[in-house]
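Have a look at the structure below, then the notes.
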Amino acid sequence: MSKKLYVGNLSYDTTEDGLRQLFGQFGEIESVVVITDRISGRSKGFGFVEFKEEADAEKALGLDGQEFDGRELKVSEARPMRSE
């Protein structure tokens, strides 16, 4: 079963390919997305990485607090979007 992780505090220069490479060392990745502003196209500083296997995602949680592209990553289990 797949599991999605939230990745925060990203550098504005971080790319989806960069995240795929970093998180790919923990297992097979289903999808990677860096959230961007609709108008400017600039990164909002966070994204999501979805692993095919839940166990691989659990291992990748160890990246929380690690430096990547000059920033200390915030990695946690993604929560469903709240409807307001």
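No lab work stands behind these numbers, since they all come straight from the coordinates. This structure is a prediction, so every number in the text was calculated from the model and none was measured. Here the Cβ is made from the backbone with ideal geometry for all residues, glycine too, and neighbour counts use every protein chain on show.
Quick notes on this one:
- Restricting segment 17-41 to residues that are polar (S, T, N, Q) and either loosely packed, with under 13 Cβ neighbours inside 10 Å or over 10 Å from the mean Cα position of the chain (by Cα) (or both), the residue that is nearest to Ser2 (Cα to Cα): Gln25
- Sole residue being at negative phi, touching a strand residue (DSSP E or B) at 6+ places or on another chain (Cβ under 7 Å) and acidic (Asp, Glu), chosen from Glu58, Glu72, Glu16, Glu67: Glu16
- Qualifying residue in segment 53-75 (condition: surrounded by fewer than 15 Cβ atoms within 10 Å (Cβ to Cβ) and of a type in the set (S, T, N, Q)): yes
- Those strands (runs of 3 or more DSSP E) of segment 1-60 in which at least 3 residues are in contact with a Lys or Arg (Cβ under 6 Å, 6 or more places away or on another chain), considering only elements entirely within it, cover 29-36, 43-51.
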